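In what follows, a structure is listed as structure tokens, so that the remarks can point back to it.
The values are calculated or read from the model by the stated rules, or taken from the named source; none is laboratory data. Bear in mind the structure is a predicted one, so any value in this text is a computation, not a measurement. Reconstructed Cβ throughout: ideal geometry from the backbone, glycine too, with neighbour counts over all protein chains shown. To get the accessible areas, we keep the full protein, side chains included, count just its heavy atoms, and leave off ligands, DNA and RNA. Shrake-Rupley method; radii C 1.70, N 1.55, O 1.52, S 1.80 Å.
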Amino acid sequence: MSKKTLSKVLALALAAAMIFTGCGQNASDKPVDNGSNTSNAASEKGKKDPNAIKDLIITKGASRELETFNWLYSQKGEDTENLTNLVDGLLEVDNLGKLVPGIAKKWGTKDGGKTWKFELRNDVKWVDMSGNVKADCNAYDFATGLEWVLNYHKNESNNTAMPIEMIKGAKEYYEYTKELSKDESYALKAGDGTKFNEMVGISIPDAYTIIYTCKSDKNGNTIAIPYFDTLGPYFALYPMSQAMIDELGIDGTKSMDNTNMWYNGAYTMTTYIQGNEKIYTKNPMYWDKNCTRFDTVTFKMVDGSDITYQLYEAGECDYCPLTESVAKTILDNPNHKFHNYVVADVPSKYSYQIHFNFDKKLKDGTPDENWNKAIANTAFRQAFYYGVEFGDYYKRTNILQPYACQNNFYLMQGTCYKTDGTDYTELVRKRLGLPADSNEKMIRFNKEKALKLKKQAMEELSAIGVTFPVKYDYYIKSGSQPALDSAKVFKHCVESTLGSDFIEVTINEFVSSLRKEVQQPQLASGYGNGWGLDYGDPVNALGQETLYNDNAVYSTQTSMIAKVKPNDYNKDLLAAFEEYTELVKKADAITDDIDARYEAFADAEACLLKNALVIPQNLGKGLALSKIDNTSRMQAMFGSQNDKMKNWVTNKNGYTTEEAKAKQEDLKNKK
């Protein structure tokens, strides 16, 4: 079943108040198979194929070092691509993007999505780094995990948005803990007779059953949430053992590492050298005995794909995303040994945008008034929206079809569909008046319109004291040549049409942590960030830009719009965010008509983009050399499991272009 078909099923089921889960389980809680036929087929092939790789080696960019081992705290792809291999949650997806069992062997709803029941397998173990059993993993661990997420002093508002939006009493418990002292908050637990159990809609009839009750409306009536189970593969609902917390302490759990954390996933991390190497070792106690895993997986941290290519060419890694220059060298030479081995890279589930900083600071901590006034101006932002042609930037990712990487929406295409099969992004396209995507040009680029907006912005901003060119502070990791090359191309794209008399991109460096050195002190003018949905509904992405929401990641931690104080120069900016926030709230309140819900969210997204509050930038559709069959990987537009190294099919000789195309076509037909 495709994601498109699945969305249709959910939509029709919502209207009929009879919800079916993504694995075909119906409202009568009929048992489901452990995994999909496709995944099992991949598993069997991996076991029998003499060319299958046993010890995989792949690279990661030096800037993608994980910052936390606490999976409940993390909200960054750099963390989740590692942690998803170490800890399992309720559900997984298969290579068709379909929900399949994880720790929950079956699940469903009998009341149209107001309550959701998950029945867990009883053979899941927590182990230490060496694979020694520490405890059973059961329903109480999921309650402990949710308590940790919702406890303000324990998790600092990370991953709270999803449960607060869905689970009864979650918001009230979060607010309750926020008012407590740190010590009082630390003392709280989940369990019978606790404040958590009293307030939050999660019940545990026995050690291997969990029932979630969805949130209530203002009248106290439980709201149906037909997409609740799509949160099953995301960290917000992941388990954590109270015994581990007791062993490490609260602060120790916050700062745990690979040597003292507990694992229940496919691998343990037996080596961790920060910024250098990670080694994953097959977990001997893993519950899924039928899956295919590697004996070991080594992550080598490198400074860019050029080094990865050198390693791949020398047979020292098994996967190589291709930069523009390397791809050109290979493709331009028919005699190159890899000429017939260039394949499509794994498409990213992330929709990448430019997120402006509306409360920028200078390095001395004082407000950057010139930038803050400029970016608050609608014409200034819209000039950026229409006047930056990113073709050269897209070539950095895909030299064959650069404009396949263009992005014009906030949500990814294929995320959700109306009951008639219309993709949600088509609803947004209609509101923006954009033509269909093209592989030949950037469809929203309009030089004439952009230059008129530039003239308007310069007149309006000069009148309030803004000086030109306005400095756009762009930050990259120190010493990273690929990052510097991308920054230079970005600078060229921005300045080539709009002119360096209007915006001047200045390239700055940070040493090790973008979050700590740049984002927290609010030094950058903007960030190129991607949002992959945590669950399968537009509110998860669009809600991150709303006002008056402590859990909205972008508005509180990136754009900083939540911190902007009203002034004469930013009243239009704040009014646009107010309008957008109200439209998101209106859409989210529609739970009984999926078509109306998506139409309303399209109104909200169109408001966001028409006002250029965010600038859609690119999609991750690159090229690669690969000894991994990309069609065997988990593929979904939501969740945190797509990087899980489970049931991957491999060939130590690599895959040819034609072999990869045939596999992609076969996968497409199965969808």
Using a 1.4 Å probe on the protein heavy atoms, what percent of the accessible area of the stretch 358-460 belongs to carbon and sulfur?
46 percent
Spelling it out for residue 615: with amide H atoms placed in the peptide plane at 1.01 Å from N, the residues 5 or more places away or on another chain with amide H under 5 Å from its amide H are 354, 356
In nm², what is the average projected area of the convex hull enclosing the Cα atoms of the stretch 168-324?
14.8 nm²
State the Cα centre-to-centre distance between the stretch 622-665 and the stretch 90-146 in whole Å.
26 Å
Would you mind counting up the charge near residue 166? Only other residues with Cβ under 14 Å from its Cβ, with Lys and Arg at +1 and Asp and Glu at -1.
-3
Give me the distance in nm between label points sitting 7 Å out from Cα along the Cα-to-Cβ direction at residue 333 and residue 276, one decimal.
3.3 nm
The stretch 199-216 - phi-based ³J(HN,Hα) in whole Hz, Karplus 6.51/-1.76/1.60, Gly and Pro as x
9, 9, x, 9, 10, 10, x, 8, 5, 10, 9, 10, 10, 9, 9, 6, 5, 9
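Explain nothing, just the number: relative contact order of the chain, from Cα pairs under 8 Å at least 6 residues apart, as a whole percent. Walk me through the numbers on the way to the answer.
Numbers: 1419 pairs, mean separation 136.3, N = 671.
Result for the chain is 20 percent.
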Carbon plus sulfur, as percent of the 1.4 Å-probe accessible area of the stretch 189-347, comes to 46 percent
Label-point separation (nm) for residue 363 and residue 464, each offset 7 Å from Cα along Cα-to-Cβ?
2.8 nm
The rounded separation in angstrom of the Cα centers of the stretch 153-225 and the stretch 421-496 is 41 Å
The stretch 472-573: spread of alpha-carbon positions along the three principal axes, whole Å, largest first, is 37, 35, 26
Keeping all protein chains in place, calculate the accessible area per residue for the chain (probe 1.4 angstrom), answer in Å².
39 Å²
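For a Förster distance of 56 Å, can you work out the FRET efficiency between the beta-carbons of residue 436 and residue 130, rounded to the nearest 0.05? Walk me through the intermediate numbers first.
Details: r = 55 Å, r/R0 = 0.98.
It comes to 0.55.
For the stretch 342-490, report the % of Cα-Cα distances exceeding 21 Å. Could the numbers behind the result be given before it?
Working: 6393 of 11026 pairs.
For the stretch 342-490, the share of Cα pairs beyond 21 Å comes to 58 percent.
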Placing one equal point scatterer on each C-alpha of the chain and summing with Debye, one gets log10 I(q)/I(0) at q = 0.10 Å⁻¹ equal to -0.97
Note down the nm distance, to one decimal, between modelled labels 7 Å out along Cα→Cβ at residue 49 and at residue 517.
4.0 nm
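Would you kindly give the portion of the calculated P(r) for the stretch 240-288 that falls above 11 Å, as a percent of all Cα pairs?
Numbers: 831 of 1176 pairs.
In whole percent, the share of Cα-Cα pairs in the stretch 240-288 beyond 11 Å is 71.
May I ask you to list the chymotrypsin sites (Phe, Trp or Tyr not before Pro) in the stretch 519-597 that are in a DSSP loop and have at most 16 other Cβ atoms within 10 Å of their Cβ?
Values: sites: 527, 531, 535, 548, 554, 569, 577, 580; in loops: 535, 548.
Answer by residue number: 548.
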At R0 = 45 Å the Cβ-Cβ FRET efficiency linking residue 198 and residue 314, nearest 0.05, sits at 0.15
Around residue 113, what is the net charge, scoring Lys/Arg as +1 and Asp/Glu as -1 over all other residues with Cβ under 11 Å from its Cβ?
-1
At 10 °C and 1.306 mPa s, grab the translational diffusion coefficient of the stretch 302-395 from Stokes-Einstein with a Kirkwood Rh over Cα pairs, rounded to a whole number in µm² per second.
91 µm²/s
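Between residue 447 and residue 172, what FRET efficiency follows from the Cβ-Cβ distance if R0 is 45 Å, with the result rounded to 0.05? Could the numbers behind the result be given before it?
Values: r = 52 Å, r/R0 = 1.16.
About 0.30, to the nearest 0.05.
Using a 10 Å cut-off on Cβ atoms, rank the peptides 333-342, 282-291 from the highest mean neighbour count down. Before the final figure, lay out the partial values.
Values: 333-342: 13.7, 282-291: 17.3.
With the highest mean Cβ count within 10 Å placed first, the list reads 282-291, 333-342.
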Computed D for the stretch 62-143, Stokes-Einstein, Kirkwood radius over alpha-carbon pairs, 4 °C, 1.567 mPa s, to the nearest µm² per second, is 87 µm²/s
